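What follows draws every value from the coordinates through simple rules; no lab data is involved. Owing to the predicted nature of the structure, the values given are computational and were not obtained by experimental measurement. Cβ atoms come from the backbone with ideal geometry, glycine included; neighbour counts cover every protein chain shown.
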């Protein structure tokens, strides 16, 4: 037994103690360091250094948050102006061009025989504009438009030959436009318009969270200066005063930028976006009323649904008048009254069977004057909207860089300001 356990005697007596000491030393050293740091923090220079670190982190975090938020806002405003709004305008052009083409097709048809060259050219231009405005999201329209133009051309051919069946082809073409093509265009226009509206409402909102960070940084600087005054009995610290000035400039700059962006966005939505959508809806209503008017003449029966178009136009003009005054809508109001009078006389002529007079009334330029006036108002309103959006974008320029630079200057000022006080304890 002694020989078997003899190997135990070869171990040093203090090996176990050394292992325990090594383990304790491994864990004790970090604890000692932490304790020394905590003890240093309780000293006056330690408190100053801790205050400097806290202020630097707070100012850096507030500046980074505001700088990132401002850069993101500027990018989104750029996207709104360069992508989202032009897409909505393209959808608007597609919608109105298709509606106008249908109106012109029926107008040219009622003249009989050789079609008026000007109306023919305007119809083809409207179709071309619609084709140009089509995007990847207009596949249904892309499929149906050739069918529509084919029906219109067939109707024209029969009309030139004096075949009554041309009326049926024209009615089928108009039905296709209203039931398949225009609803698809309206859906595309509504989707893109909603996207513009959502971004216009979202982007101008004040940056409350980043702003609160800047306010907190300024308040923290004020409290730090008060504490430093209590500690050193020196009323002002130049470095801390400079840091406070830098952060106040950043806060003032951002506040002015936020107000300017919010103001431009609010005015853009109220003065341009809402009237623009109402004017577009009104113009489409007049196109459809004009199509009904000319189809009624072809079918030898009075036209209906005219009052709805008039109400839509009046509502849109009232919205524009509230923003731009009565002078801006006066040409459109006069053209609307002239078209109403012409329409009433047209229905009377159809009811009396005086179709020659009805054709003469249907080919007057009252409707064209109204359509031109509405188109001009739509163009002016869109230009106003983009101008206001550009004002909002201009207010965000340089904010991101300015806040970052001012925050960095504030941090450097704090370090330079606390350095002489720390040197007094060395």
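In terms of packing, defined here as the mean over residues of other Cβ atoms within 10 angstrom, the peptides 235-241, 69-75 line up highest first as 69-75, 235-241.
Rank 206, 86, 164 by mean-square fluctuation in a GNM of the chain with C-alpha springs under 10 angstrom and give only the top-ranked residue. Its mean-square fluctuation being the largest, the pick is 164.
Here segment 41-102 and segment 361-381 have alpha carbon centers that stand 41 Å from each other. For segment 198-344, the square roots a ≥ b ≥ c of the C-alpha gyration tensor eigenvalues yield an a/c of 1.5 or more together with a/b exceeding b/c, which makes the shape prolate. Of the labelled figures (1) 1.20; (2) 1.25; (3) 1.73, only one reflects Cα Rg over 2.2 N^0.38 Å as derived from the coordinates, namely (3). Averaged over residues, the count of other Cβ atoms within 10 Å places the peptides 245-252, 271-278 in the sequence 271-278, 245-252, highest first.
In this label model, residue 354 and residue 333 are separated by 3.1 nm, measuring between points 7 Å along each Cα→Cβ vector. Every helix of 4 or more DSSP H residues in the chain counts as -39500 (n - 2.57), and over all residues that averages to -29000 deg cm²/dmol at 222 nm. For the chain, the longest principal axis of the Cα atoms and the long axis of helix 165-176 meet at an angle of about 20 degrees. Size of segment 303-382: Rg and Dmax of its alpha carbons, in Å, are 14.2, 45. Highest average first, the peptides 180-186, 363-369, 92-98 ordered by how many other beta carbon atoms sit within 10 Å of their residues are 92-98, 180-186, 363-369. Say R0 is 56 Å: what FRET efficiency, to the nearest 0.05, do residue 78 and residue 344 get from their beta-carbon distance? Efficiency, from the Cβ-Cβ distance: 0.65. Relative to one another, the C-alpha centroids of segment 226-245 and segment 157-205 are positioned 69 Å apart.
Note on the chain: with a GNM built from Cα contacts shorter than 10 Å, the maximum mean-square fluctuation among 266, 410, 349 falls on 349. Hey, what angle do you get for helix 366-396 against the long axis of the chain, alpha-carbon based, 0 to 90 degrees rounded to 10? Tilt of helix 366-396: around 10 degrees. Once the Cα atoms are used to define both axes, helix 85-109 deviates from the longest principal axis of the chain by about 10 degrees.
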